[in-house]
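**Q** I have a structure I would like to understand better, so I am pasting it below and will then ask my questions one at a time.
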Amino acid sequence: MLAINLKSYKETIGSNGLKLLEASEKIIEEYNIDIILAPQYTDIYIFSSNSKRVRIYAQHMDPIQSGAYTGHILPEAIKEAGAVGTIINHSEKKLNVEDIEKVINIAKNLNLETILCANNSVVAAALSKFEPTYIAVEPPELIGTGIPVSKAKPEIIENTVNMVRDINKKVKILVGAGINSGDDIKKALELGANGVLLASAVTKSSNFYEKLKNLAEGFK
């Protein structure tokens, strides 16, 4: 699983984002891997309308129901726009534990998948009781550094895999922070992860297809 958070990078909004989507579709055909893209909310509809096999996620959604919540992200709205899932509790958009549980329950009721982020193994294990689709462990100090967690702190991956699976064997485990190459991904998979969550390694790339191809080699 290759999950790519497009965050708020201008390089992947609108028509530029569709170039990344097109490259992702080619990589899926060539390597038979799963790819998730999480674009800006304003791009969810156009991404989902042009996607064939890439799964489109929201970057966040709020634990609210339809009503007077100016500026909030309504779960039903992202589903209506075509998203099949959402990222939850990213280090740049954190939620408290009560709201995490609410959002996951709402997602389940709407048949939306979830990537629940945690900053360490202990938190990942504790949050796995909420039964997200994926748990993504990302040490915040490595995010955006280009220093891969799979090499800098491999014990975090091993501990997360062991601790999470002791509590919930169904949840799939992603790792993130500093993932930049196929070699980084290969190492993460060898340590027991099911995939990776990354951002700038792709969004800041000058050639989306070539970058994705390099990353996809790690899944061989």
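**Q** Length gain on complete extension for the stretch N16 to K93, per 0.36 nm per residue less the alpha carbon to alpha carbon distance?
**A** On the way: separation 77, 0.36 × 77 = 27.72 nm, distance 2.41 nm.
Between N16 and K93, full extension yields 25.3 nm more.
**Q** Sticking with this one: At 7 Å along the Cα-to-beta-carbon direction for both K172 and K102, put a label point, then send me their distance in nm to one decimal.
**A** 2.9
**Q** Something else about it: Hey, can you grab everything whose amide H is under 5 Å from the amide H of A118? Only 5+ residues off in sequence or another chain; H modelled, so Pro and N-termini drop out.
**A** Answer set, sorted by chain and number: A136, V137, E138.
**Q** Next question. Report, in order of residue number, the helices in the chain meeting two criteria: a C-alpha extent of 15 Å or more along the helix axis, and a mean Kyte-Doolittle hydropathy of at least 1.0; treat each whole DSSP H run as one helix.
**A** Qualifying helices, which must be both long enough and hydrophobic enough, do not occur.
**Q** Roughly what would the spin-label model give for S206 and N111, points 7 Å off Cα along C-beta, in nm?
**A** 4.5
**Q** May I pose another question? Can you tell me how much longer the chain between N32 and N194 gets when fully stretched, taken as 0.36 nm per residue apart minus their C-alpha distance, in nm with one decimal?
**A** Additional length available on full extension: 56.9 nm.
**Q** With unit charges on the beta carbon (Lys/Arg positive, Asp/Glu negative), name the residue among Q65, G176, F208 whose Cα is farthest towards the positive pole of the charge dipole of the chain.
**A** F208
**Q** OK, next. Which FRET efficiency value, to the nearest 0.05, do you get for K129 and R53 by plugging their Cβ-Cβ distance into 1/(1 + (r/R0)^6) with R0 = 41 Å?
**A** Computed FRET efficiency for K129 and R53 comes out at 0.85.
**Q** Enumerate the residues in the range 71-86 having an amide nitrogen under 13 Å from the point lying 7 Å beyond the Cα of Y41 toward its Cβ.
**A** Label zone hits: 71-81.
**Q** Cα gyration tensor of the range 141-183, axes a ≥ b ≥ c as square roots of the eigenvalues: rounded (a/c below 1.5), prolate (a/b > b/c) or oblate?
**A** prolate
**Q** Out of the range 7-75, which chymotrypsin sites (Phe, Trp or Tyr not before Pro) are coil in DSSP terms and have no more than 13 other C-beta atoms within 10 Å?
**A** Those satisfying the criteria are Y69.
**Q** Compute, for the chain, the length of the dipole vector about the Cα centre, with Cβ point charges of +1 (Lys, Arg) and -1 (Asp, Glu) only. Units Debye, rounded to 20. Before the final figure, lay out the partial values.
**A** Values: 25 positive and 26 negative charges, 42 e Å.
Taking the Cα centre of the chain as origin, the dipole is about 200 debye.
**Q** Using the eigenvalues of the Cα gyration tensor, what equivalent ellipsoid semi-axes result for the chain when each is taken as the square root of five times the eigenvalue, whole Å, largest first?
**A** On the way: eigenvalues 116, 105, 41 Å².
Result for the chain: semi-axes of 24, 23, 14 Å.
**Q** Can you run phi through the Karplus equation (6.51, -1.76, 1.60; θ = phi - 60°) for the range 66-75 and list ³J(HN,Hα) in whole Hz, with x for Gly and Pro?
**A** Each residue's phi maps through the Karplus curve to give 3, x, 8, 10, 4, x, 8, 9, 6, x Hz.
**Q** Separate question: Once label points are set 7 Å from the Cα along Cα→Cβ at both Q65 and E158, what is their separation, rounded to one decimal in nm?
**A** According to this spin-label approximation, the distance is 4.8 nm.
**Q** Normalise the Debye intensity by I(0) for the range 126-220, one equal point scatterer per Cα, no solvent, then take log10 at q = 0.10, 0.14, 0.22 Å⁻¹ and round to two decimals.
**A** Rounded to two decimals, the profile gives -0.25, -0.48, -1.06.
**Q** Sorted from fewest to most neighbouring beta carbons within 10 Å, what does the list V103, V123, V171 look like?
**A** Values: V103 25, V123 18, V171 22.
Least to most surrounded, the residues fall as V123, V171, V103.
**Q** Follow-up question, since we're still on this one. If you take the charge dipole of the chain about its Cα centre, with +1 on Lys and Arg Cβ and -1 on Asp and Glu Cβ, which of I78, A193, A136 is farthest toward its positive end?
**A** The listed residue farthest towards the positive side: A193.
We did not get these values from a lab; they are worked out from the coordinates using the rules stated. From a predicted model like this one, the values you see are computed outputs, not experimental measurements. Every residue, glycine as well, gets a Cβ built from its backbone with ideal geometry; the counts of neighbours run over all protein chains shown.
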